[in-house]
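Asks: Let me begin by handing over the structure; questions about it come next.
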Amino acid sequence: MTSYSDCVFCRIINREIPSDIIFEDEQLLAIADIDPAAPVHLLIIPRDHISSLNGVDIANQNLLGHIQIISARLAQEKGVAVSGYRLVCNNGNDGGQTVLHLHYHLLGGRELRWPPG
Ligand code: 5GP
Ligand code: ZN
C-alpha cells in the first residue's frame, strides 16, 4: 500500500496527525473535515495513496464501490439520509482539489446549492 510522508492524509492514516476518525476498515478511513462546510462534513479517504480519480483503474473498482456503500451508511448514521446529502470528489485545479490524495466529501445537514460555484 502506497503512503507518502509529505501527504497530510497519509499522515492522518498513519496516526502521525490527529483527526476525528468516524469509521475505519481495511480499505478506508472516514474523518471529520477540519474546516466543515456543512453541519455534516466527513472525508472518506482510501488508505492507499492514489492522487485523484486520474490515478484509478479497473483494479480499484471494488474500492470505489465500497466508498459509496460506506458513504451511504455514514449518511444514515449521521441522520442526513432522508433530508439529503452530497458525495463530492474534487479532482485537479479546476475541480478545487487541495489535498492530492483521493477523497470524497460527504456533506449534509443543510440545503446545498446547485450548481456549485
Ligand atoms: P479538497 O479541497 O482537496 O477536495 O478537500 C480537502 C479537504 O481536506 C478540505 O475540506 C480541508 O478542510 C480538509 N483538510 C485539510 N487538512 C486537513 C487535516 O489536517 N485534517 C482534517 N480533518 N481535514 C483536513
Ligand atoms: Zn496520501
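The values are calculated or read from the model by the stated rules, or taken from the named source; none is laboratory data. The structure displayed is predicted, hence computed values, not measured ones. So basically every Cβ, Gly included, is an ideal-geometry build from the backbone, and we count neighbours across all protein chains shown.
Asks: Only one of these is more than 24 Å from ARG113 (Cβ to Cβ) and surrounded by fewer than 16 Cβ atoms within 10 Å (Cβ to Cβ): GLY65, GLY79, GLY84. Name it.
Replies: GLY65
Asks: If you don't mind, another one. Looking at ASP25, is it loosely packed, with under 12 Cβ neighbours inside 10 Å, among the acidic types (Asp, Glu) and near ligand 1 (Cβ under 10 Å from one of its atoms)?
Replies: Details: loosely packed, with under 12 Cβ neighbours inside 10 Å: yes; among the acidic types (Asp, Glu): yes; near ligand 1 (Cβ under 10 Å from one of its atoms): no.
For ASP25, the condition - loosely packed, with under 12 Cβ neighbours inside 10 Å, among the acidic types (Asp, Glu) and near ligand 1 (Cβ under 10 Å from one of its atoms) - is not met.
Asks: Out of HIS41, HIS49, HIS105, HIS101, report the one residue that is in contact with an Asp or Glu (Cβ under 8 Å, 6 or more places away or on another chain), modelled with pLDDT of 95 or more and closer than 25 Å to SER5 by Cβ.
Replies: Result of the check over HIS41, HIS49, HIS105, HIS101: HIS105.
Asks: Scan the range 80-98 residue by residue and report those that are part of a loop (DSSP other than H, G, I, E, B) and without any contact (Cβ under 8 Å) to a residue 24 or more places away in the chain.
Replies: Once the filter is applied, which keeps residues that are part of a loop (DSSP other than H, G, I, E, B) and without any contact (Cβ under 8 Å) to a residue 24 or more places away in the chain, the range 80-98 yields ALA81, VAL82, ASN90, GLY96, THR98.
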